[in-house]
Amino acid sequence: MIAEENNGPSLLLIRGLPGSGKSTLARRLCQADEHFHIEADMFMTDAKGRYRFSAAKLGEVHARCEQETRQHLQAGHHVIVANTFSQIWEMQPYLDMAKTLGIPVQIIECQGQFKSIHDVPERSIRDMRNRWEKLPKP
């Protein structure tokens, strides 16, 4: 599904507000093709695998997403990263990584309005919506 004409690794960034369908889309794309799916929420679980958001861990969690993305891309795999990415600078490490590695990158923006699977408070979603940056025109 990603850069089919390219036999090498590729990177797909999926961005959107909580409840927009990012994780669902990423899972479906991974079922259709062999891609590695990475997102910050995967690293916000306790020892029993239950989701436990921690603002204090955000920096560490996003660094881990970037690290695992780089490892998979360098190993020649297709990678899908699904995070909120409400501002362009949040995607920049991935864009820089792809450029450095010579890997094609695509960005998909989810705009669905489903219930957040992690019960993100409406106020937090509103704050993200207010700071949302549109992608620059190519």
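The values are calculated or read from the model by the stated rules, or taken from the named source; none is laboratory data. Owing to the predicted nature of the structure, the values given are computational and were not obtained by experimental measurement. Note: ideal-geometry Cβ built from the backbone for every residue, glycine included; neighbour counts use all protein chains shown. Ligands, DNA and RNA are stripped out before the accessible areas are found, and what is left, the full protein with its side chains, is counted by its heavy atoms. Shrake-Rupley method; radii C 1.70, N 1.55, O 1.52, S 1.80 Å.
Taking the condition of being open to solvent by 10 Å² or more (accessible area, probe 1.4 Å) and assigned to a helix (DSSP H, G or I), how many residues in region 57-93 meet it?
Here the count works out to 19.
For residues in region 29-56 being over 12 Å from the mean Cα position of the chain (by Cα) and either assigned to a strand (DSSP E or B) or β-branched (Val, Ile, Thr) (or both), which is surrounded by the most Cβ atoms within 10 Å (Cβ to Cβ)? Working first, answer last.
Applying the first criterion (over 12 Å from the mean Cα position of the chain (by Cα)) to region 29-56 yields 29-35, 43-56.
With either assigned to a strand (DSSP E or B) or β-branched (Val, Ile, Thr) (or both) added as a condition, the list becomes 35, 45, 51.
Working: His35: 21, Thr45: 12, Tyr51: 12.
Per the stated criteria, the residue is His35.
Filter region 14-28 down to the residues that are of a type outside the set (A, V, I, L, M) and within 22 Å of Asn130 (Cα to Cα), then identify the one that is surrounded by the most Cβ atoms within 10 Å (Cβ to Cβ).
Lys22
Looking only at residues in region 1-13 that are open to solvent by 20 Å² or more (accessible area, probe 1.4 Å) and out of contact with any Gly (no Cβ under 8 Å at 6 or more places or on another chain), which one is modelled with the highest pLDDT?
The extreme case among them is Asn7.
(1) part of a loop (DSSP other than H, G, I, E, B); (2) under 13 Å from the mean Cα position of the chain (by Cα): which one isn't true of Ile108, the others all being true?
(1)
Write out, first by first residue and then by second, each pair whose Cβ atoms fall under 6 Å of each other, whose residues are 6+ apart or on separate chains, and whose first residue, in region 78-93, is of a type in the set (A, V, I, L, M, F, W, C) while the second is assigned to a strand (DSSP E or B) and open to solvent by less than 10 Å² (accessible area, probe 1.4 Å).
Val79/Leu11; Ile80/Leu12; Val81/Leu13; Val81/Ile38; Ala82/Ile14; Phe85/Arg15; Met91/Leu13
Would you mention how many residues in region 24-77 are in contact with a strand residue (DSSP E or B) (Cβ under 8 Å, 6 or more places away or on another chain), of a type outside the set (A, V, I, L, M) and either free of Cβ contacts under 8 Å to residues at least 12 places away in the same chain or farther than 19 Å from Glu109 by Cβ (or both)?
Residues that pass the stated criteria total 10.
Of the conditions (1) under 27 Å from Asn7 (Cβ atoms); (2) open to solvent by 90 Å² or more (accessible area, probe 1.4 Å), Asn130 satisfies every one except a single condition; which number is it?
Status for Asn130: all satisfied but (1).
Residue under question is Ala98, and the condition is that it be in contact (Cβ under 8 Å) with a residue 40 or more places away in the chain and within 18 Å of Ser10 (Cβ to Cβ); does it hold?
Details: in contact (Cβ under 8 Å) with a residue 40 or more places away in the chain: yes; within 18 Å of Ser10 (Cβ to Cβ): yes.
Yes, satisfied.
What is the number of the single condition among (1) at pLDDT below 90; (2) open to solvent by 60 Å² or more (accessible area, probe 1.4 Å); (3) not in a loop (DSSP other than H, G, I, E, B) that Asp96 does not meet?
Here Asp96 clears every test but (1).
I'd like to know if region 109-124 contains one or more residues that are under 17 Å from Leu11 (Cβ atoms) and open to solvent by less than 80 Å² (accessible area, probe 1.4 Å). Write out each step before concluding.
Step one: filter region 109-124 for residues under 17 Å from Leu11 (Cβ atoms), giving 109-110.
From what's left, open to solvent by less than 80 Å² (accessible area, probe 1.4 Å): 109-110.
Looking for residues that are under 17 Å from Leu11 (Cβ atoms) and open to solvent by less than 80 Å² (accessible area, probe 1.4 Å), one finds at least one in region 109-124, hence yes.
With the structure loaded, tell me whether Gln106 is without any contact (Cβ under 8 Å) to a residue 40 or more places away in the chain and not aliphatic (A, V, I, L, M) or whether it fails that test. First the steps, then the outcome.
On the way: without any contact (Cβ under 8 Å) to a residue 40 or more places away in the chain: no; not aliphatic (A, V, I, L, M): yes.
Spelling it out, it is not the case that Gln106 is without any contact (Cβ under 8 Å) to a residue 40 or more places away in the chain and not aliphatic (A, V, I, L, M).
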